[in-house]
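S.K.: Got a structure for you, questions after.
The values are calculated or read from the model by the stated rules, or taken from the named source; none is laboratory data. What you see is a predicted model; the values in this text were computed from it and never measured. Cβ sites come from the backbone with ideal geometry, for glycine too, and all protein chains shown count toward neighbours.
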Amino acid sequence: MTAKVFALVVIASAALSAAQQAPPAAPQQGRGRSPYQEAGQLPARIMEFKAEPVSIKPGESTTLTWAVENPRTTTIDPTIGRAMPRGVFKVTPKATTTYTLTVTGVNGTLTRTVTVNVAGTTPVAATTSLPLNQQPAPRTADGKPDMTGVYGYGAGPARGTPPPAAASVDPRWRQPRWPGRCARG
């Protein structure tokens, strides 16, 4: 063997033995977990919580708008209670009111407030609400559960109103289409 080939063999064997003695590489972060598991560990964030307009006259309305990310629960007090992660809600406070958006997530509880000033009134005392598991389910005027916000139920002009009653059957639809056949009632 020539000196050059011998030097090359010595260098290659030294590099191979160093690679065998090196500690194994650390596993990549998040490997083996589904995207859903990863998403379940993202921190909650309040992106937006505002009232427009913030100053009104008695009898006028304001619109609350909110957007949160990765919440486990979302509530707005007073009046609204449990809420979807994103929403718009029209309120008509009788006096100056501070609304509090509370979001819980893997990173704890976050809050943000917005105050709606009603001209010529004194502020309403803040109320603390019960924990979610102790709050009664919201009810409509007839005592049925208020399903507003559940898959678009009650998304009509008035919050909490039930969907329209089933249409009455037009007697003309019950007429036989073909001679000799009759519709059953």
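S.K.: Hey, does the range 35-44 have a residue that's at pLDDT 90 or above and either surrounded by 13 or more Cβ atoms within 10 Å (Cβ to Cβ) or under 24 Å from the mean Cα position of the chain (by Cα) (or both)?
M.R.: As a first pass, look at the range 35-44 and keep what is at pLDDT 90 or above: 43-44.
Right, trim to either surrounded by 13 or more Cβ atoms within 10 Å (Cβ to Cβ) or under 24 Å from the mean Cα position of the chain (by Cα) (or both) and you get 43-44.
Yes, the conditions are met somewhere in the range 35-44.
S.K.: In addition: Please give the strands (runs of 3 or more DSSP E) falling wholly within the range 81-143 in which 3 or more residues are β-branched (Val, Ile, Thr) and at pLDDT 90 or above.
M.R.: Values: elements: 86-91, 97-105, 108-118.
Filter on the range 81-143 gives 97-105, 108-118.
S.K.: Let me ask another. Identify the residue in the range 45-79 that is surrounded by 12 or more Cβ atoms within 10 Å (Cβ to Cβ) and either touching a helix residue (DSSP H, G or I) at 6+ places or on another chain (Cβ under 9 Å) or small (Gly, Ala, Ser) (or both) and, among all such residues, is nearest to Lys94 (Cα to Cα).
M.R.: Only one residue fits best here, namely Ser55.
S.K.: Does the range 89-107 contain at least one residue that is among the small types (Gly, Ala, Ser) and buried (at least 17 other Cβ atoms within 10 Å of the Cβ)?
M.R.: We begin by selecting, within the range 89-107, every residue among the small types (Gly, Ala, Ser); these are 95, 105.
Filter again for buried (at least 17 other Cβ atoms within 10 Å of the Cβ), leaving 105.
Scanning the range 89-107 turns up at least one residue that is among the small types (Gly, Ala, Ser) and buried (at least 17 other Cβ atoms within 10 Å of the Cβ).
S.K.: Could you grab the pairs with beta carbons closer than 7 Å, sequence gap of 6+ or different chains, first residue in the range 86-100 and aromatic (Phe, Trp, Tyr), second one part of a loop (DSSP other than H, G, I, E, B)?
M.R.: Phe89/Ile80
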